[in-house]
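To start, the structure itself, in structure tokens.
The values are calculated or read from the model by the stated rules, or taken from the named source; none is laboratory data. All figures in this text were calculated on a predicted structure; none of them were measured in a lab. All Cβ positions, glycine included, derive from the backbone under ideal geometry; neighbour counts span all protein chains shown. Ligands, DNA and RNA are stripped out before the accessible areas are found, and what is left, the full protein with its side chains, is counted by its heavy atoms. Shrake-Rupley method; radii C 1.70, N 1.55, O 1.52, S 1.80 Å.
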Amino acid sequence: MSEEHHVRNTEHGERCRRRIRVNGIVQGVGFRPFVYNLAREIGLAGFVANDTEGVIIELEGAREEIDIFILRLRENPPPLSHVVGFDSSEVTVKGDTEFTISRSQRQQLASTLISPDIAVCHDCLRELFDPNDRRYLYPFINCTNCGPRYTIVEGIPYDRPLTSMKRFPMCPDCDREYHDPSDRRFHAQPNACPVCGPKLFLRDSNGEVHTSDPIASVVEQLKQGKVVAVRGVGGFHLAVDAHDERAIERLRNRKGRAEKPFAMMAPDIENIRRYCSVSDDELELLTHHTRPIVLLKKLEDCSLPDSVAPNNKYLGFMLPYSPHQYLLLRDNFDVLVMTSANLAEEPIAIGNDEVMERLNGIADLFLLHDREIIQRCDDSIATVTGGYTHIIRRARGFVPAPVFVGEKTSRNILACGGELKNTIALSRGDQVFLSQHIGDLDSPAAFKFFEDSIEHLGRILEITPQAIAYDLHPEYLSTKWAIRQSLPSVAVQHHHAHLAAVMADNGASEPTIGIILDGTGYGTDGTIWGGEVLIGDAAGFERHAWLETVAMPGGTAAVRQPWRMAISYLYHIYGSGLLDLRLPILGSVDRKTIEIILQMIDKKVNSPATSSCGRLFDGVSALLGIRGEVSFEAQAAIELEMASCRDYQPPSMRFESATASGALPWGEIVQAIIAGLSRGDDVAKLAGEFQVNLAELFVSAAQNARGKSAINRVGLSGGVYQNRYFSEYLVRRLADEKFDILRHRQVPTNDGGLALGQVVASDAMLRRGNEAK
């Protein structure tokens, strides 16, 4: 040991020893080397180690110097860490003379946090493109400050033997870096190089393609219009040249994704700005180490084919986050389509053999690697609305970082989420861990992913559920799974879970007015809710107001064919007289078909009643001739927003708060649309006025709820709030009326955040003894 590794003489102060326990995201983010170097700089002895609770530090030296260490660590921890617990205590002096990094300790059930995957850092990028560096063009370059984490972890403490890197023994050079405290790769668990680490290789449908440069071969194939499956950090992407319209159509046809927008990847911000406007907030989000897909406003002169995102004013862009993505893009493409490698709403593919089987006939070529993905994790999606960041899909880069709730749950709770955009959640103390985006549970593959996610998250966090929370809807697959388990269980009404989620997301516990707007939620009265004004908290709620119910002729068929909802809304207002109206929609649907729909409504044949705001958006979209049938969820509502005039007009009607309780009458709003169509008004104007008027209806209902309850806080949750036009106007009007407004910050406003609400609501109900069995 060289002289500088020894502790300085401590004659100037009393010698003591202090044990420090640090909890949070402190493994896999360079915490131990940071502590080591800080202790050595100050001149302290002792050790630092990972264990199942986080990081344990013992310091020995002058009391004043230990105080300096603690102050500096608390005020300036490693940038990728997230400290949530910091405790220290005096222990017996041992007489250590140097500071070391000790082997990880295993003592009890895990309570540390696991780092999400982190985008490749600037230092590694510089080395990646440096011809003199030994990792020049190496597609798996990483260091303590970047690289895969959650997707390669099998267990904790986070050490190489408990990751998928265990099959790659480090070469002498990598091993030397790993054990050198002055090196950036000191204790970087995925550390590797071309000599000892993972490798890329190519396959086509006939087997392995022999090439000395897989990246160059893929670039050539992409430029020829081929579809390439690219194995990444949390799964596979399907890639095509974003300027090649034929390649895009080929991908759509093969994938069965007729119109849903594709995500894209550009090598840098400058190239993104060629196609979209990028605000300062959006720039920060794009370049954040989480690297989500960010929805950006498309420029008027955007040269990308419309087929990338049909009928949409926004494009989803992300920057590369793995080294091989940079290698694919830099100097080769200004933008690639990089969409999840799956069919329809199935989970993203992760295994080499799996992708060859599932995507045979979709991809022409497969860029593979031999570092196993332990847990699939799709790209996250986010947007900035009115200067406020919303997470639309919470996955890679965010999971499994917890959401901290104000009060510890009384027991470990497993929340099973909903049916669409499913995520599950596990609670431990005041932490709620949400899984990555699982998706829609209507396929065997998705349901298996649901079950696997429950097992994996529980295993790596070492959380054993003691109760289960689930949605009230009896036909949800997540619900059916939950009630088969032999644990105390609680059914949480869908919109109550949304209210509880937005409260927990903001650390609120006092009663709140919730304006909860989405497509479908099973109500306590057996109808389908979705346009709700609730008053309540985590323990319970009162349904204060709701959109007046109408029939959904055909049930789920009305979701796929919004024209059915348009007919239902017209029938609710005009009765059989609707057939005498002169409206485009009545000319686009066969009269006999309309008569059958009316009979279904009259006889209540497969026509459940709904207060859904999402269905109202769908119906109006069809009524305006924007979208009568959809190929993906919420398409009609999205295209209604896209068609809207962006200049807010003064609302054409107001609603007196005294009348806005109970069933909220939307008929006047729809009649205004009919009158506008009869006058020949512009569809963009009518679409905008509809959303403004609907927002005014809910502002009035919130005012009425405030008058009744003396509550001034309003929580906004539900998938409808992904509509920028509507949500921005509603938020502005609620602010005008001096409401305190809660919006989602850490979890999606759609059903991707439902499990958080299920945890806190079920905990409150369990405390009151309200369990289902």
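Some notes on this structure:
- In region 560-587, residue most open to solvent (accessible area, probe 1.4 Å) [restricted to those that are modelled with pLDDT under 95 and in contact with a Gly (Cβ under 8 Å, 6 or more places away or on another chain)]: Pro584
- Number of the condition not met by Glu282 [criteria: (1) open to solvent by 30 Å² or more (accessible area, probe 1.4 Å); (2) among the acidic types (Asp, Glu); (3) over 25 Å from Arg371 (Cα atoms)]: (1)
- From the options Val759, Val692, Val699, Val670, residue that is in contact with a Gly (Cβ under 9 Å, 6 or more places away or on another chain), of a type outside the set (Asp, Glu) and surrounded by 17 or more Cβ atoms within 10 Å (Cβ to Cβ): Val670
- Residue within region 726-743 that is closer than 26 Å to Ala469 by Cα and either touching a Cys at 6+ places or on another chain (Cβ under 9 Å) or at pLDDT 95 or above (or both) present: yes
- The residue list Gly531, Gly507, Gly521 contains one member that is touching a residue at least 24 places away in the same chain (Cβ under 8 Å), on the phi > 0 side of the Ramachandran plot and not aliphatic (A, V, I, L, M), which is Gly507.
- Scanning region 48-77 for residues that are assigned to a helix (DSSP H, G or I), touching a residue at least 12 places away in the same chain (Cβ under 8 Å), open to solvent by 30 Å² or more (accessible area, probe 1.4 Å) and closer than 21 Å to Gly28 by Cα yields Arg72, Arg74.
- Residues (without any contact (Cβ under 8 Å) to a residue 24 or more places away in the chain and part of a helix (DSSP H, G or I)) located in region 282-324: Leu283, Glu284, Asp306
- Subset of region 538-559 that is among the small types (Gly, Ala, Ser) and not in a strand (DSSP E or B) - its residue that is surrounded by the most Cβ atoms within 10 Å (Cβ to Cβ): Ala538
- Region 413-441, residues that are assigned to a loop (DSSP other than H, G, I, E, B) and either touching a strand residue (DSSP E or B) at 6+ places or on another chain (Cβ under 6 Å) or small (Gly, Ala, Ser) (or both): Cys416, Gly417, Gly418, Thr423, Gly429, Asp430, Ser435, His437, Ile438, Leu441
- Residues that are of a type in the set (A, V, I, L, M, F, W, C) and either at pLDDT 95 or above or crowded, with 24+ Cβ neighbours inside 10 Å (or both) within region 404-440 comprise Ile413, Leu414, Ala415, Cys416, Ile424, Ala425, Leu426, Val432, Phe433, Leu434, Ile438, listed in sequence order.
- Residue within region 205-212 that is part of a helix (DSSP H, G or I) and not polar (S, T, N, Q) present: no
- Candidates Ala239, Ala247, Ala266 - the one that is of a type in the set (Gly, Ala, Ser) and more than 28 Å from Thr151 (Cα to Cα): Ala247
- Boolean, Ala735 is without any contact (Cβ under 8 Å) to a residue 24 or more places away in the chain and either open to solvent by less than 10 Å² (accessible area, probe 1.4 Å) or in a helix (DSSP H, G or I) (or both): yes
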